[in-house]
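Below: the structure, in structure tokens.
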Amino acid sequence: MTGPTISVVVMRHIAHCLDLAGYPPEPLLAEFGILRESLDNTRAIMPLADYLAFFEAAAQRAGNPFLGLQAGRLGGADSLGALGFLFFSAPTLCAALTGFDTYLGAIQEAVRNRFTVAAGIATFEYALTDQALQNRRQDAEFSLALMHTLCRSFVGPEFELVEVRFEHSRQGNPRLHRDLFRCEVYFDQETNSFSFEESFLSRPGGAIDPGLFPIIEEHLKRSAGEALRRHGLVREVRRLLERSALDEAITLESLAKSLGVSVATLNRALRTDGLRWRDLVHERRMRAAARLLRQSQRDIAEIALAVGFAESASFVRSFARHYGKTPKRYRDVSAD
């Protein structure tokens with residue numbers, strides 16, 4: 001199986017939500033070559049691109065453009081397999097989000113998932129990092145709605161958000177988003193995220209015995225190690241690089257440390273594949289710019305700043321060298 005993957009347990013939840021909506025998922029699953037019973041195999045994986053395409057097709061077939069939001073609202077501990085149970089066995093909400101941030105890669109590749117705290121505000125961020133992946137809207141809305149549901153289930157109904165942000169443009173009446181999240185919702189943003197008051201982080205859970213937390217964590221650690229052995233060092237470099245924010249000062253040294261290898265070992269692995277570190281960094285910036293041009297209405301100057309260029313002229317030249325056309329021409333052609 002080539003390309004990034006995702007655990008079938010996530011697809012199982014989407015199929016269940018289609019059942020609840022009165023739209024049997026079996027015909028659509030068959031179109032994607034998936035048997036309903038195969039979704040019960042918690043160790044099975046599938047191409048992430050197929051999952052995203054299925055999600056968008058399901059929303060269209062069911063006539064429900066907000067399927068992702070509603071599927072997230074119906075989520076629970078079993079919606080994400082072991083990762084969901086890790087979340088609910090955590091001693092505090094802070095530990096739950098930190099564990100989720102650390103181990104999401106065990107069930108889904110090509111994802112940047114970050115949990116940060118600054119100036120009294122905690123932020124959960126989710127974004128697909130493979131810029132070639134299309135059909136992102138349902139997945140983004142599902143992921144934020146699901147995490148919001150998990151946090152409310154952990155803390156209680158008093159859990160409130162400060163704001164929600166989505167990468168994609170607004171579609172339809174935004175009232176449903178505001179009613180679900182109960183805060184302001186912004187579109188055409190740099191990432192998908194929600195923020196809340198830091199004071200909630202110390203709140204304890206209790207839905208699942210906290211004694212299970214280290215046991216589930218060890219299982220997820222082994223799963224993450226298996227992914228590294230399966231995909232190899234260079235692919236993990238790409239994954240971690242894509243997972244980082246564009247404004248994050250990530251270095252080859254910091255990547256080597258996170259992978260548990262020396263800089264020399266990492267450089268040798270890159271050279272063996274005919275790669276240079278600076279080329280990987282440049283490729284990430286260009287792919288991010290291309291996605292923003294395709295999927296947002298942000299102007300070119302904004303996109304240049306978002307992907308790390310100090311001014312538009314150098315961005316336009318660099319983009320044209322990389323893709324063979326200017327950003328404006330690339331956007332025009334993509335819209336045809």
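Only residues in the stretch 52-67 that are in the same structural domain as L133 (by TED's automatic domain parsing) count as the first member; pair them with residues that are of a type in the set (K, R), Cβ under 8 angstrom, at least 6 apart or cross-chain, and list the lot.
Note: pairs meeting the criteria are L52/R136; E56/R137.
Output the number of the condition that A301 fails; it satisfies all remaining conditions of (1) of a type in the set (G, A, S); (2) under 26 Å from the mean Cα position of the chain (by Cα); (3) modelled with pLDDT of 90 or more; (4) under 30 Å from V263 (Cβ atoms).
(4)
Restricting the first residue to the stretch 15-42 and requiring it to be outside the structural domain of L220 (by TED's automatic domain parsing), which pairs with a second residue that is among the β-branched types (V, I, T) and surrounded by 14 or more Cβ atoms within 10 Å (Cβ to Cβ) meet a Cβ separation below 7 Å and a spacing of at least six or different chains?
Going by the 7 Å Cβ cut-off, the qualifying pairs are S38/V8; L39/V8; N41/V8; T42/V9.
Just to verify a result, which residue in the stretch 123-132, among those that are farther than 14 Å from V162 by Cβ and touching a helix residue (DSSP H, G or I) at 6+ places or on another chain (Cβ under 6 Å), is surrounded by the fewest Cβ atoms within 10 Å (Cβ to Cβ)?
Q131
Among (1) in contact with a Gly (Cβ under 8 Å, 6 or more places away or on another chain); (2) assigned to a loop (DSSP other than H, G, I, E, B); (3) not acidic (D, E), there is one condition A145 misses while meeting the rest; what is its number?
So the condition that A145 fails would be (2).
Please give the number of the condition S169 fails out of (1) in a helix (DSSP H, G or I); (2) within 30 Å of D299 (Cβ to Cβ).
All conditions are met except number (1).
It is to be established whether one or more residues within the stretch 320-328 are touching a residue at least 12 places away in the same chain (Cβ under 8 Å) and either in contact with a strand residue (DSSP E or B) (Cβ under 9 Å, 6 or more places away or on another chain) or closer than 28 Å to L252 by Cα (or both).
Yes, the stretch 320-328 has at least one match.
Which count do you get for residues in the stretch 65-122 that are within 18 Å of V155 (Cα to Cα), in contact with a Cys (Cβ under 7 Å, 6 or more places away or on another chain) and crowded, with 21+ Cβ neighbours inside 10 Å?
1
Taking the residues in the stretch 2-57 that are surrounded by fewer than 14 Cβ atoms within 10 Å (Cβ to Cβ) and polar (S, T, N, Q) as candidates, determine which candidate is farthest from the chain's Cα centre (by Cα).
Of everything passing the filter in the stretch 2-57, N41 is farthest from the chain's Cα centre (by Cα).
Just checking, which of S195, S153, S223 is within 23 Å of the chain's Cα centre (by Cα), in a strand (DSSP E or B) and surrounded by 13 or more Cβ atoms within 10 Å (Cβ to Cβ)?
S195
Residues that are modelled with pLDDT of 95 or more, aromatic (F, W, Y) and within 30 Å of S199 (Cα to Cα), at least 1 per element: which helices (runs of 4 or more DSSP H) completely within the stretch 1-103 meet that?
Details: elements: 8-20, 26-31, 48-61, 67-73, 82-89, 93-103.
It comes to 82-89.
The values are calculated or read from the model by the stated rules, or taken from the named source; none is laboratory data. What you are looking at is a predicted structure, and each value in this text was computed from that prediction instead of being measured. Neighbour counts run over all protein chains shown; Cβ positions are idealised from the backbone, glycine included.
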